[in-house]
1. Provide, in order from the shortest bin, the percent of all Cα-Cα pairs of the chain in each 5 Å bin, continuing until the bin that contains the maximum pair distance.
2. How big is the charge dipole of the chain about its Cα centre, in debye rounded to the nearest 20, if each Lys and Arg gets +1 on its Cβ and each Asp and Glu gets -1 on its Cβ?
3. Given a 10 angstrom Cα cut-off, can you work out which residue in 11, 90, 66 is the most mobile in a GNM of the chain?
4. Holding the Cα-Cα limit at 22 Å, pick out from 57/127; 57/84; 84/127; 20/57 the pairs that are longer than that.
5. Report the net charge of residues surrounding residue 124, where surrounding means a beta-carbon distance below 11 angstrom and charges are Lys +1, Arg +1, Asp -1, Glu -1.
6. I want the local charge near residue 17. Using Cβ-Cβ distances under 15 Å, sum +1 for each Lys or Arg and -1 for each Asp or Glu among the other residues.
Amino acid sequence: MNKNILFVGVGGQGTILASKIFTEGLLKHGFDVKMSEVHGMAQRGGSVVTQVRYGEKVYSPLIEMGTVDIIVSFEKIEAARWIKYLKPEGRVIINDYEIRPVTVLVGGENYPEMIFSELLEEGIELKAINAYGESQRIGDLRIQNIILLGALIKACELEELNWEGILKNNIKEPFFQLNLEALKIGLEL
């Protein structure tokens, strides 16, 4: 049975890197994997979406609306934006973090404050993670993506893979230990 994972975030959050590391791990585990990236206006703080499909045999990288097993949201508003892709029994892993869009910053709109409660009211299984707080505690905000990746790996029950080796293939040496620590934190959440 195929699984559909949707990574959603804002440009600069490491959404694509996390999805590439996840994809490499799935390939090494023997799954057939397809991945599709949509950068949008990422360089200007716009949405970034990566679709990852894996299983015994996957024919297309694109995920149909209403068929996502897990949405990994690197920013709260992105979860709300992409929730229609989640299947009824799907789950959301969401970073308790806000990046206010330009329209909010200039006073044209308000940031929706009740995202968590609205998703819970819809009956959505939600795991909120304070990746921002954890990364701040460690001393580098750039590792939020790897903390969320660890939480996803745990949710998919893929902990037995050599994620340390896969991480080492994708992270430059000066940053490897920091990212390994972030991955371990995510796996424990």
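1. 1, 8, 17, 21, 22, 17, 9, 4, 1, 0
2. Working: 20 positive and 26 negative charges, 107 e Å.
Using Cβ point charges on Lys, Arg, Asp and Glu, the chain gives about 520 debye.
3. In the Gaussian network model the winner is 66.
4. On the way: 57/127 29 Å; 57/84 25 Å; 84/127 17 Å; 20/57 19 Å.
From 57/127; 57/84; 84/127; 20/57, over 22 Å: 57/127; 57/84.
5. -2
6. Spelling it out: positives minus negatives among the neighbours equals +1.
We did not get these values from a lab; they are worked out from the coordinates using the rules stated. Remember, predicted model here, so these are calculated numbers, not experimental data. Ideal geometry is used to build each Cβ from the backbone, glycine not excepted, and the neighbour counts take in all protein chains shown.
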